[in-house]
Amino acid sequence: MKELILALDVLEGDRAIEIAEKVSEFVDRIKVNYPLVLSTGIGIIEGLSKIKPVIADFKIADIPYTSSLIARIAFESGAESVIAHGFVGSDTLEEVLKVATEYSGKVYVVTELSSPGGQDFMSQVSLRIVEIARKVGCHGLIAPSTRIDRLREIRKAAGDMEILCPGIGAQGGSVEALKYADGIIVGRSIYACENPRLAAMEYRRVIEGV
């Protein structure tokens, strides 16, 4: 079954928990980014993880030692997986993966951003990033739903690695991405709706129909 992952980029902890509870029947995991963590504290990961597994989308991108510290904080706070940038190179990814392994967690590697700026630099090296992530042994990739042609190439290079696609909805990405991906990441098109539960249910119906 393809996954539906909620990108929960709200700023209030109570609202985050409320939305997560409303949509929990229809989503598989919750992805949190810096806005929520910086505004509410790292403890929000533990709170949300009681509802659904949490992906800590910290886009880790530093020297190996610092990156390993960030990963450890995420996993100790209850994250099921982390997201790291691939352009930092194999040594950083190896250290992040080493920490993830201690916690039986996963590491997803960003190939290129789903925003237009992702084409300025990252698209030129994204297939090399896939190669490095595979060699290191990372679990999956983050690839754009907004550029199906790029996603298709990344899928070919990725082999059997998991691929999760952001950019669905507000950024113009299409569920067509599910032809090549194992899951889609949806944010504003769910949490910013008047009825997040209904929106999540509709996305689940679409996924089941693919």
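Mind checking which residues of the range 188-198 are touching a residue at least 40 places away in the same chain (Cβ under 8 Å) and under 20 Å from the mean Cα position of the chain (by Cα)?
Hits for the range 188-198 are Arg188, Ile190, Tyr191, Pro196.
How many residues, within the range 4-43, are assigned to a strand (DSSP E or B) and surrounded by fewer than 17 Cβ atoms within 10 Å (Cβ to Cβ)?
0
Could you tell me which residue of the range 113-140 is surrounded by the fewest Cβ atoms within 10 Å (Cβ to Cβ), considering only residues that are modelled with pLDDT of 95 or more and not in a helix (DSSP H, G or I)?
Gly137
Can you pull out every residue in the range 133-155 that is out of contact with any strand residue (DSSP E or B) (no Cβ under 8 Å at 6 or more places or on another chain) and on the phi < 0 side of the Ramachandran plot?
Scanning the range 133-155 gives Arg134, Lys135, Val136, Arg147, Ile148, Asp149, Arg150, Arg152, Glu153.
Using beta carbons and a limit of 6 Å, which pairs, at least six apart or on different chains, have the first residue in the range 162-180 and within 16 Å of Val109 (Cα to Cα) and in contact (Cβ under 8 Å) with a residue 24 or more places away in the chain and the second one among the aliphatic types (A, V, I, L, M) and part of a strand (DSSP E or B)?
Correct list of pairs: Leu164/Ile142; Leu164/Ile185; Cys165/Ile184; Pro166/Ile185.
For Val107, are the conditions met, namely being β-branched (Val, Ile, Thr), closer than 19 Å to Leu6 by Cα and over 18 Å from the mean Cα position of the chain (by Cα)?
The answer is no for Val107.
Can you report the number of residues in the range 71-105 which are of a type in the set (S, T, N, Q), in a helix (DSSP H, G or I) and more than 14 Å from Val136 (Cα to Cα)?
Within the range 71-105, residues that are of a type in the set (S, T, N, Q), in a helix (DSSP H, G or I) and more than 14 Å from Val136 (Cα to Cα) number 0.
List every residue pair whose Cβ atoms sit under 7 Å apart, with the two residues 6 or more apart in sequence or on different chains, where the first one lies in the range 109-136 and is under 20 Å from Ala71 (Cα atoms) and the second, anywhere, is of a type in the set (Phe, Trp, Tyr).
Here the result reads Ile129/Phe87, each pair linking the range 109-136 to a residue that is of a type in the set (Phe, Trp, Tyr).
Looking only at the range 158-193, how many residues end up being assigned to a helix (DSSP H, G or I) and surrounded by 18 or more Cβ atoms within 10 Å (Cβ to Cβ)?
Of the residues in the range 158-193, 7 are assigned to a helix (DSSP H, G or I) and surrounded by 18 or more Cβ atoms within 10 Å (Cβ to Cβ).
For Leu69, only one of the following conditions fails: (1) buried (at least 18 other Cβ atoms within 10 Å of the Cβ); (2) hydrophobic (A, V, I, L, M, F, W, C); (3) without any contact (Cβ under 8 Å) to a residue 12 or more places away in the chain. What is its number?
(1)
The values are calculated or read from the model by the stated rules, or taken from the named source; none is laboratory data. Since the model is a prediction, treat every value here as computed from it, not as a measurement. Cβ sites come from the backbone with ideal geometry, for glycine too, and all protein chains shown count toward neighbours.
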